[in-house]
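One structure below.
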Amino acid sequence: MNAHRVHLRMGRRAFSLVELLFAVFILGIGLIGISALFPAGIAQQRQASDDIMGPIVADSAIALLRARLTPQQFGTLEAFGQQQFVTTNIGGPIAVPPTVEGDWTWRRPGFLFADFADTPLVNELGAIDIFSSYFTLNQFGATVNGVSFGGLNLAKVAVENQDSVGGGDQLFGIPWNRRLGLPIVVITQGERSYPQVSEGSGSTARPVYFWECMFRKFAGRVQVAVFVYRVAPGGGEPRPYSVAQGTGAAAVVPPLPFLFDVSAPPFARIRAGGLDGNLATFLDNSVVATQGMTATPTELLREHSWQSPNQWLLDQYGDVHRVAVGRRNTRDAVNITLSRPIPQQPAIPEVRGLLNVGGSVNGTPGPDLGGQFLWFIPTFDSQSRPLRAVYATVQEL
């Protein structure tokens, strides 16, 4: 009798199947809620890491450039009989307003997309050629240290300007000091990675960050703009990367940073005063109007991805902007909000350029055009590999 009572008492302590299933159901709901937090947490951690590493990578890039270049190696347009550049993007040439004598606007280095057999110590695949020296030597049939550049595959070279501009001597890319001669400064894809991977080291390490650069001469000083970005393939793991060449007309244009002219409709320039152009109305001074929405959401075109959230932009005045609120697809109707108000440009020729009236240029400063030309890292490259802009800065060389 006592044993039977003990057995009944012990039996009452167990859970029924319904109670067990109900407990599992509640536990599952909790786990689903917690797991939903992981993607957001990982994204925030990734963004925090980018915010910390971006300036570090940029400083490392500038240190490398200063070790390989000197301001004296850069020349002027006047030394080549020219007064202004014709900047090129995938839509064709863009005339840039002339600036004061001795200065020139932002220029991208040339790109090489094939390993040149005559230079066995350098891997030119994805390398940047600061002064487009390979292309220039090919055009003039020159031989340097026994290396003939006549065998250069011109189909695998991208140079900002492949034609003579202004009727003067030929100049391809960034002006160089004619008194010192044409410098040959090539920075490989591996050297533009972080952590840096030595060429031919056999290392299996995968860089996380990459950088590209541009140059201009402003008030007689050489400035460099550095763009830091991250390749973000599916799965998130770092993979081997090399800057890809474009196709068609874009094949002869340096691919990174990307250039876009926002003065053409349906877009609006990044202007001082924001939406209404009035500096006195403070609330919209960092806002850029969004246009060209569509009913069906599609991915932004590569040239329109300057509107993406967390994008870094450089305009022709040398101002760096960061997109705080942006668009992710063509249906987003939000206005683009920058992280700080858009500055008004001082009325001096060094900044605004020279006024061109009927083809005649005088010393009068031009109008404040706003951010008409934008350089940036697009959200995907010419091979549709996803890229993420991390940081941009402008410093003196």
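Share of pairwise Cα-Cα distances greater than 21 Å in the range 296-397 is 45 percent (whole percent).
Let me make sure I get this right: for the range 208-357, a, b and c are the square roots of the gyration tensor eigenvalues over alpha carbons, sorted descending. Under 1.5 in a/c it's rounded, otherwise prolate if a/b > b/c, else oblate. Which is it? Oblate, because a/c is 1.5 or more while a/b does not exceed b/c. Stretched out straight at 0.36 nm per residue, the stretch from Val147 to Thr294 would grow longer than its current Cα-Cα span by 47.5 nm.
By the count of other C-beta atoms within 10 Å, a proxy for reagent exposure, Lys156, Lys217 are ordered fewest to most as Lys156, Lys217.
Each of the peptides 341-350, 368-377 was scored by the mean count of other Cβ atoms within 10 Å over its residues; in descending order, highest first, they stand as 368-377, 341-350.
Using the Cβ-Cβ distance between Arg385 and Leu355 with R0 = 41 Å, the FRET efficiency computed as 1/(1 + (r/R0)^6) comes to roughly 0.45.
Placing a pseudo-label 7 Å from each Cα along the Cα-to-Cβ vector at Arg46 and Ile29 gives an inter-label distance of 3.1 nm. If R0 is 56 Å, what FRET efficiency do you get for Ala249 and Leu21 from their C-beta distance, rounded to 0.05? Between Ala249 and Leu21 the formula returns 0.30.
Laboratory data are not the source of any read-out in this text; all were calculated from the coordinates shown. Since this is a predicted model, take the numbers as computed values, not measurements. Using ideal geometry, Cβ is built from the backbone for each residue, glycine included, and neighbour counts are taken over all protein chains shown.
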